[in-house]
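Engineer: Pasting a structure below so you can have a look.
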Amino acid sequence: MDRLQAMQTLVRVVEMGSFSAAARELGSTQSAVSKQVASLERQLGADLLVRSTRLLKLTDAGARYVEQARRLVAEVAEAESELREGEHRLQGVLRVACSVCFGRLKLMPLVQDFLARHPGLKLDLRLNDGFIDLIEQGIDVSLRIGELPDSSLVSRRIASMRRGIYTSRSYVERHGAPSEPADLALHNCLVYSELQTRDTWTLEREDGGGGPVAMQVGGNLQTNSGEAIREAVAAGMGLSFAPDWLFEREVAAGSVVRVLPGWASPVAPIQLVSPPQRRASAKVRAFGDHLAAGLGADRDVNRR
C-alpha cells in the first residue's frame, strides 16, 4: 500500500466527514476508500476512526495521527506545487473560505480571472457568514474583515474598508433620516450578528474631526446573514451598518441611499488568513497577489 496515498485518503475522509463524500472527491468508491483506511490502521496497529451508521469520529490516536498526516500531506503537495510553479503552472485544488456577500460581490469577479490565468488549478470556494475552523475544514486561505484575535493563523492585509449607514429610499420617505449619530436610537436598526460589535455601531467623521462615537442601536431584526440584511434594507425595513460594496447596485439604481453622510466606521483591514503550514504555498501566494492587485492593497475597497 502507498502510505502517502493512504494518509491523503484519511485526511480527506476526516475533512469531508464521510467515506462516501471523500470517495466522490477522490474519484474512487466508498469500499476502496474504506479498505485503504483499514489497511493503514492495520499497519499502524491502532484504530484511527470510530465508525457507525451515523457517526464518523476520530479516536484519540487518530486525532494525533491526522494532525501530523495533514501537515505531511500539505508539505508534499507544496513541494510538487513549487516544482510546477517553476514551470509557470499551478495545479491541484485551492480551498478558499469567505463570507457570502463579499464572496459574491467582490471575490467572484477576481476568481474568474485568476482561474483563467491558471487553467490547471481548481478552486473550492466555501461561502459562509459563520466561523470556519480552517484547519479542521482543510481550508488553504480565508478572507476575513476586521482585526483578528490572537491566534496561530498567518495573516496578510490586502485592502481596507469602512462601514456606513444605509437604508432604502422608501424607508426615508416614511420615517425620515437621522441627521446625527444620536438619532439612530429613533430608528429601526437591522443588526448583523456576525459583526463583532453587533448592536454597538461605532462612527467617526471621515474628515478626521473629533473622535469615534459608539451608539447602542436596536430594532426588530437580527440575523447572521449578510444576504438577509441586504434583502431587509431593500424591503424598507430599516437601517443597516454596512460597507459601500454591499449596496453598490442599489445605490446606483437609486433604491438605497447612504444616510449620515460624512460619518463612517473606523477603517477595518481585509485580510487573507492561512494555517501556518499553508503560508508558503505557491497557490496561496499567487491567489493573495491576485486579490491584492485586484482590490488594491491598503486601499479602501469601498472607494474603487
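Engineer: Could you work out how far apart the two model spin labels at A252 and Q137 are, taking each label as a point 7 Å from the Cα in the direction of the beta carbon, and quote it in nm?
Structural biologist: In this crude label model, A252 to Q137 measures out at 2.9 nm.
Engineer: What do you get for trypsin sites (Lys or Arg not before Pro) in region 174-212 restricted to DSSP loop and a cutoff of at most 10 other Cβ within 10 Å of the site's Cβ?
Structural biologist: On the way: sites: R174, R198, R205; in loops: R198.
Those that pass, being in a loop and sparsely packed, number zero.
Engineer: Follow-up. Percent of Cα-Cα pairs per 10 Å bin, from 0 to the last occupied bin, for the chain, please list those.
Structural biologist: 6, 23, 27, 20, 15, 8, 2, 0
Engineer: Can you tell me the length gained on complete extension of the stretch A63 to T223, counting 0.36 nm per residue apart and subtracting the Cα distance?
Structural biologist: 54.2 nm
Engineer: Round to a whole angstrom and tell me the spacing of the C-alpha centers of region 2-37 and region 102-137.
Structural biologist: Rounded to whole Å, the Cα centres lie 23 Å apart.
Engineer: Can I ask one more? If you build a Gaussian network model of the chain, linking Cα atoms that sit under 10 Å apart, which residue out of V251, V76, V217 swings the most?
Structural biologist: Of V251, V76, V217, the Gaussian network model singles out V76 as fluctuating most.
Engineer: Of the candidates D129, D60, D244, which one comes out as most mobile in a Gaussian network treatment of the chain with C-alpha springs shorter than 10 Å?
Structural biologist: Judging by the Gaussian network model, the answer is D60.
Engineer: Can you compute the helix-only [θ] at 222 nm over the chain? Use -39500 (n - 2.57) per DSSP H run of at least 4 residues, normalise by all residues, nearest 500 deg cm²/dmol.
Structural biologist: Details: 10 runs with 114 residues, N = 304.
Mean residue ellipticity at 222 nm (helix-derived): -11500 deg cm²/dmol.
Rule-based calculations on the coordinates, nothing more; no lab input. As the structure is a prediction and not an experimental result, all values here were calculated from the model. As a convention, Cβ positions derive from the backbone with ideal geometry for all residues, glycine included, and neighbour counts pool all protein chains shown.
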